[in-house]
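Below is one structure; the comments refer to it alone.
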Amino acid sequence: MTASDSPRTRHIKELLRELHRHGVRDQRVLLAIAKVPRERFVPPELRERAWENRPLPIGAGQTISQPLIVGLMTQALQLDGDERVLEIGTGSGYQAAILAELAASVTSIERDPTLAHSAAERLRRLGYRNVEVHVGDGSKGWPAGAPYDRIIVTAAATRVPPALLEQLSPAEGARLVIPIGDSEHQQLYLFERRGGRLRRTDLGAVRFVPLVEGEASPGDGKEGDAPGSPPAP
Ligand code: SAH
């Protein structure tokens with residue numbers, strides 16, 4: 001940190017140090033987090049808090065994940081740059097942007113059409129050409145783009161949706177990261193193809209909004225929940 005750093009630069013550096021302390025050690029992941037302008041993914045009235053290590057509300061009852069969780073999940077995917085990635089739960093599009101920095105292409109599925117459209121527009125304006133956003137039930141994956149080298153689920157499932165395992169590449173080293181549990185207790189799991197088997201690693205306790213299976217219906221996106229409502233305690 002130098003005296004000439006702007007407040008924004010200071011906040012970014014502080015966040016990177018905090019993520020490093022909590023286990024995000026992959027330099028490429030830290031660089032991607034420094035590069036993607038998180039303030040563009042949160043409601044205007046929360047911009048000043050965009051670089052805090054906290055989840056923030058993005059409207060429709062949904063949240064942009066905490067930077068630490070984005071960092072840990074992205075690091076667990078071990079991206080080299082040539083992977084095709086499937087993300088379930090586009091939300092603000094922030095995680096998709098981080099993935100787009102580190103992989104060849106990203107297919108992201110969002111159940112809520114309003115969120116999907118604003119995320120797609122935001123990513124387009126920021127110049128991400130290697131991300132596709134689709135409206136759909138991500139528990140069914142997105143068969144048209146399968147197989148995927150990596151799959152990341154950013155909403156909590158009660159089990160690994162079978163469609164996602166079918167769409168994960170059979171190749172050695174293919175990886176899936178997913179929070180599993182109920183609304184109170186979830187564990188983040190990494191599944192990795194190793195020697196023809198799926199190896200599971202527990203990455204720790206997390207808290208995500210639920211993965212809602214089935215088609216979206218009008219009104220269940222809690223439209224009245226204005227963007228910028230205070231974060232849940
Ligand atoms: N990755 C997001 C945060 C995810 S919040 C970001 O970086 O901002 C979880 C998102 O999953 C919400 O937007 C929610 O609408 C979506 N979601 C819930 N169930 C889903 C499903 N079955 N298919 C696709 N998206 C789903």
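The values are calculated or read from the model by the stated rules, or taken from the named source; none is laboratory data. Just so we're clear, the structure is a prediction, and the values are computed from it rather than from any experiment. Positions of Cβ are backbone-derived with ideal geometry, glycine not excepted, and every protein chain shown enters the neighbour counts.
For the range 195-211, does any single residue satisfy the condition of being within 16 Å of LEU86 (Cβ to Cβ) and hydroxyl-bearing (Ser, Thr, Tyr)? Among the residues of the range 195-211, not one is within 16 Å of LEU86 (Cβ to Cβ) and hydroxyl-bearing (Ser, Thr, Tyr), which makes the answer no.
Among residues of the range 153-173 that are closer than 17 Å to SER183 by Cα and small (Gly, Ala, Ser), those with a beta-carbon under 9 Å from a residue that is in a loop (DSSP other than H, G, I, E, B) and more than 14 Å from the ligand (Cβ to nearest atom) at least six positions away or on a different chain give the pairs ALA156/ASP182. Residue check: THR90 meets all listed conditions (1) within 16 Å of PHE208 (Cα to Cα); (2) surrounded by fewer than 24 Cβ atoms within 10 Å (Cβ to Cβ) but one, namely (2). Filtering the range 140-151 to residues that are touching a helix residue (DSSP H, G or I) at 6+ places or on another chain (Cβ under 7 Å) and farther than 19 Å from LEU72 by Cβ leaves LYS140, GLY141, PRO143, ALA146, PRO147, TYR148.
Apart from one condition, ALA60 fits all of (1) modelled with pLDDT of 95 or more; (2) of a type in the set (A, V, I, L, M); (3) under 30 Å from PRO143 (Cβ atoms); the exception is (1).
If you go through the range 34-70 and keep only what is closer than 25 Å to LEU165 by Cβ and out of contact with any strand residue (DSSP E or B) (no Cβ under 7 Å at 6 or more places or on another chain), you end up with SER65, VAL70. Beta carbons closer than 6 Å, at least 6 apart along the sequence or on distinct chains, pair a first residue in the range 179-199 that is part of a strand (DSSP E or B) with a second that is aromatic (Phe, Trp, Tyr) for PRO179/PHE208; ILE180/TYR189; LEU198/PHE191. Here are some conditions: (1) at pLDDT 95 or above; (2) polar (S, T, N, Q); (3) more than 18 Å from GLN75 (Cβ to Cβ). THR154 meets all but one. Which one does it not meet? Only one criterion is unmet by THR154, namely (3).
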